[in-house]
Every structure is written in structure tokens, then in C-alpha cells.
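Visitor: Got a structure here, written out as C-alpha cells. Questions coming.
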Amino acid sequence: MTLGLSAVFYSNAYRTAAFCEYYTYLRNKAREKGIPNSELLNDKYLFEKADEQAIQSAYGDVLQIIEAASQFKDRRTKLSRFFSDYLGIVLINTETEKEYERYQTEQLHIQAMKNAADKDSYPTRLSMMPESKKRRRIETLHYMRRYTLWSLTLLFFILSFLGWIWEVSLHLIASGVFTNRGILHGPWIPIYGAGGILILTLLNKLRQKPILEFISILAVCGCVEYFTSVFLETMHHGQRWWDYSGYFLNIHGRVCAEGLLVFGIGGLAIVYVLAPFLDNMIQRLQPN
């Protein structure tokens, strides 16, 4: 009923704790009965911190990177820093920008390992159950990244196309009739592309705070949809392109709570999954 939000904000922690206790119970039973390979479950680091020697042996490279990072010098100009740090945009992908991007990427990749090296989290490298390959795939989707103008341009058209697919699919399911949605010819609806780009740039500083990011996405999408409705109505002599009158918590029929909730969830998917994934693909298209 809550589209998974109650799990994210409340119950996941309790479910995880319950599974941990159940795992401990099963582990002890497996060892008592001598089940083959049960020794793999004998992971002491689930209950105690690794000693300094083990940490140095497993995370020595991480500790060296952390030490080297303290000596890194940011050589970007003030203008590029403003666009990069506040909007997440790279104006010109110079060697200095690439150097800073490599530094940032490296810092993001070692963040989880840094916590392990500091003994604040589970030392994955000391686990008897290797997960490095899976974790490496996840790390490549790091969302605290900066987007080049090239990437943002292509993302605009891709998101506009995905928005068209979304609108056409909804109309097809509801009425059983295929209709070219939007006001333009062709398979794209610019309001989706514009909204996605605004979320990625204006809300760049909030990506590390998902709750604030979600609330801000609601505000940005609400403003974009509302003022787009006003603009289209003015340009087309009072004709309304959508009307939410009668929907729960609507504002002048231009926006409603139901639509904003969908946009909010979709916006989070864009920020944390879709845009990083597409950006990885787009970067392969750029000449070296």
C-alpha cells in the first residue's frame, strides 16, 4: 500500500535484525550437526572487530589511497567549481576535470572499504563468501557524479522518449487505443526530459540525503508540471492539455498528489539508477 516506502523508512531495519538472529541460529545448528561446508559459516567478524594486522593486510591499499587523498590539489577554475559542485555539470571536459573526476570516483569507490578499514563496518575482504564481483558492478553506478553537457543533452532526449513511452502505455492500457501523446510530432515529450535534467542539476547537493531529495523532486516536478500547463494553455487559447480536477490534493487541476508521487519515485530512480547507468553507456560513445 505504501509502494515500499514503509519498508525503506521503517521495517527494513527490523527485518534485517530478525534475519541476522535467524542466521546465527541456523549457523550454530549447522556446525553442531557437522553439515558439509559449515565451516564457511564460521565468520568471527560478524561478531567482533578484526585486529590491526588483519586490517593492514586486507586494506593496506585503501589506507594508502586515503593518505594520498589528503595531498590531492584541486586545480579547477572557480567557474568550473561552481558548475561542478553546485549543479553537477562539467562545462568542458579538460584534463584537469578528468583528473578531479578520477579522484572523486576513487573516493566514492573506497568509501565502503574506508569504513571497513576504520573498523566501522564489516570487513568484506576478510569474508569467506566473496562478493567482490557483485559489489564492483554496483559501484560503477555511483550516483554522486558530475554530468558533461554531452551526457545531459543525450539524457534529455532519452528521458523525453521514455516519458513518451510511459504516457502512451498508460493511455493504451486505460482506453485500449494507441495515441501519440504530447504536443509534438515524434516519440518524445520534452517535459520529462526537462524535469529529469532539472532534478540532476538543481538537486545535485541533495543526492546524499534521499529523503530531502525525494521531497525536493516533488517540488521541482510540481513546479515544472504546473507552469508547463499554464504556458500551454496560454499558447493554445485556453485549451487544457491535462486536467486533474477531482483528483486528491490537486492544484487548479494542473497537478495532483497522485501524479507527484509517481514523479517522485521516478525521479529517485533517475538519480540513483537510470541516469548513472545511461551516463556509463554515453561515456563509451565519446571520442578519446
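The values are calculated or read from the model by the stated rules, or taken from the named source; none is laboratory data. Nothing here was measured: the structure is a model prediction, and the numbers come from that model. Cβ: placed from backbone, ideal geometry, glycine included. Neighbour counts: every protein chain shown. For the accessible areas, the whole protein counts, side chains as well, though only heavy atoms, and no ligand, DNA or RNA atoms are used. Shrake-Rupley method; radii C 1.70, N 1.55, O 1.52, S 1.80 Å.
Visitor: Need the list of lysines near Lys98 for cross-linking: C-alpha distance under 30 angstrom, and skip anything on the same chain fewer than eight residues off.
Guide: Lys73, Lys78, Lys114, Lys133, Lys134, Lys205, Lys209
Visitor: With a 1.4 Å probe and all protein chains in place, put Glu21, Glu167, Glu106 in order of accessible area, largest first.
Guide: Largest accessible area first, the list is Glu21, Glu106, Glu167.
Visitor: With all protein chains present, how much of the accessible area of the chain (probe radius 1.4 Å) comes from carbon and sulfur, to the nearest whole percent?
Guide: That share works out to 63 percent.
Visitor: Multiply the residue gap between Thr24 and Ala68 by 0.36 nm, knock off their C-alpha separation, and tell me the result in nm, one decimal place.
Guide: Answer, rounded to one decimal: 11.9 nm.
Visitor: So if R0 is 51 Å, what FRET efficiency would His236 and Gln208 give, r being the distance between their Cβ atoms, rounded to the nearest 0.05?
Guide: 0.80
Visitor: Provide the solvent-accessible area of Lys29, counting protein heavy atoms only and rolling a 1.4 Å probe, rounded to the nearest 10 Å².
Guide: 80
Visitor: Angle check, please: helix 12-33 long axis (alpha carbons) against the longest principal axis of the chain (alpha carbons), in degrees 0 to 90, nearest 10.
Guide: 30
Visitor: I'd like to know which of Ile89, Asn37, Ser216 lies farthest towards the positive end of the charge dipole of the chain, counting +1 on Cβ of Lys and Arg and -1 on Cβ of Asp and Glu.
Guide: Positive-end residue among those listed: Asn37.
Visitor: If I compute Cα Rg over 2.2 N^0.38 Å from the structure I just sent, which labelled value in [x] 1.14; [y] 1.05; [z] 1.28 lines up?
Guide: So the structure-derived entry is [z].
Visitor: Under a point-charge model restricted to the Cβ atoms of Lys and Arg (+1) and Asp and Glu (-1), what is the dipole moment magnitude of the range 138-288 relative to its Cα centre, in debye to the nearest 20?
Guide: Working: 9 positive and 8 negative charges, 74 e Å.
Rounded to the nearest 20 debye, it is 360 debye.
Visitor: Same structure, new question: Between Val90 and residues 5 or more places away or on another chain, which pairs have amide H atoms under 5 Å apart, with H built 1.01 Å from N, and which residues are they?
Guide: Excluding prolines and chain starts, which carry no amide H, the hits are Tyr147, Thr148, Leu149.
Visitor: What's the magnitude of the charge dipole for the chain around its Cα centre, counting Lys and Arg as +1 and Asp and Glu as -1 at the beta-carbon? Answer in Debye, nearest 20.
Guide: 240
Visitor: Helix 149-175 sits at what angle to the longest principal axis of the chain, using alpha carbons and giving 0 to 90 degrees rounded to 10?
Guide: 70
Visitor: If the reach is capped at under 26 angstrom between alpha carbons, list the lysines near Lys29, excluding any in the same chain fewer than eight residues apart.
Guide: Lys44, Lys49
Visitor: Compute the angle between helix 95-109 and the longest alpha-carbon principal axis of the chain, please, reported from 0 to 90 degrees and rounded to the nearest 10.
Guide: 60
Visitor: Among Ser245, Met281, Ala269, which residue has its Cα furthest toward the positive end of the charge dipole of the chain, with +1 on Lys/Arg Cβ and -1 on Asp/Glu Cβ?
Guide: Farthest towards the positive pole: Met281.
Visitor: What dipole magnitude, in Debye to the nearest 20, does the range 1-137 give about its Cα centre under +1 on Lys/Arg Cβ and -1 on Asp/Glu Cβ?
Guide: About 420 debye.
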